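Down below is the structure, laid out as structure tokens.
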Amino acid sequence: MAVDFHFIPVEDRKTLDKLISFLRPQGLDYQNWEVWIEKAFYEILAGYKQSIIVESNGAVIGNVISQLRKELGWIYEGKNLRVLKGFRDSGCATFLEKQVEKRARKHGAKAVIWDYRSEKKWIGNFFIRRGYAPILENWPLYDNNHPDTIMIKNLNKKSNAGIIQTMGEFFLGRAV
């Protein structure tokens, strides 16, 4: 069977329901996963968060959710980028990440951040190949049992040093 990919912006209730149905069984041991899904549902519905789903042969095989960072309007945040295992070498994740960068630029953001479970080195390698650098590594972002790494990419093509320091201080609670 031929593989086809359709990248569909989540802009209506039917597509949003497909996204939520795809996400629900994939909690990956995140604390309060159901609460996060519920909150994401309403924030996407309200237009605060944006999302894209990827379908192949009629089934959802991936997604991304993104938003302008609430505390820092110059940072755009990628959330929940995932592609099912059998499709990971298809270029779907790269396309979704590029769409987040495109939205970030549209919103006037200066940088994009992502976080991932630190033990998943292959995800970190993906972001490094895409031009991201770590801000914090092995940080208890969501819980103490599963540390996360936060990555950043400067969209202005200049040195990441100032942005990395500013964001690192923000996450450590030293910056406003």
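Confirm whether D29 is exposed (fewer than 11 other Cβ atoms within 10 Å of the Cβ), free of Cβ contacts under 8 Å to residues at least 40 places away in the same chain and not in a strand (DSSP E or B). The answer is no for D29.
Let's see how each residue does on (1) more than 17 Å from the chain's Cα centre (by Cα); (2) outside any helix (DSSP H, G or I); (3) surrounded by fewer than 16 Cβ atoms within 10 Å (Cβ to Cβ); (4) not assigned by TED's automatic domain parsing to the domain that holds S90:
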position	(1), (2), (3), (4)
F7	no, yes, yes, no
D17	yes, no, yes, no
S21	yes, no, yes, no
E34	yes, no, yes, no
A40	no, no, no, no
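Residue count for region 55-70 satisfying the condition of being within 20 Å of Y116 (Cα to Cα) and over 13 Å from the mean Cα position of the chain (by Cα): 2. Restricting the first member to region 113-131 and to residues that are loosely packed, with under 12 Cβ neighbours inside 10 Å, and the second to residues that are among the hydroxyl-bearing types (S, T, Y), no beta-carbon pair is closer than 8 Å while six or more apart or on different chains. Please enumerate the residues belonging to region 43-73 that are of a type in the set (F, W, Y) and out of contact with any helix residue (DSSP H, G or I) (no Cβ under 9 Å at 6 or more places or on another chain). Of everything in region 43-73, nothing turns out to be of a type in the set (F, W, Y) and out of contact with any helix residue (DSSP H, G or I) (no Cβ under 9 Å at 6 or more places or on another chain). With respect to (1) farther than 30 Å from V60 by Cα; (2) in the same structural domain as P25 (by TED's automatic domain parsing); (3) modelled with pLDDT of 90 or more, the lone exception for I135 is condition (2).
The values are calculated or read from the model by the stated rules, or taken from the named source; none is laboratory data. As the structure is a prediction and not an experimental result, all values here were calculated from the model. Neighbour counts run over all protein chains shown; Cβ positions are idealised from the backbone, glycine included.
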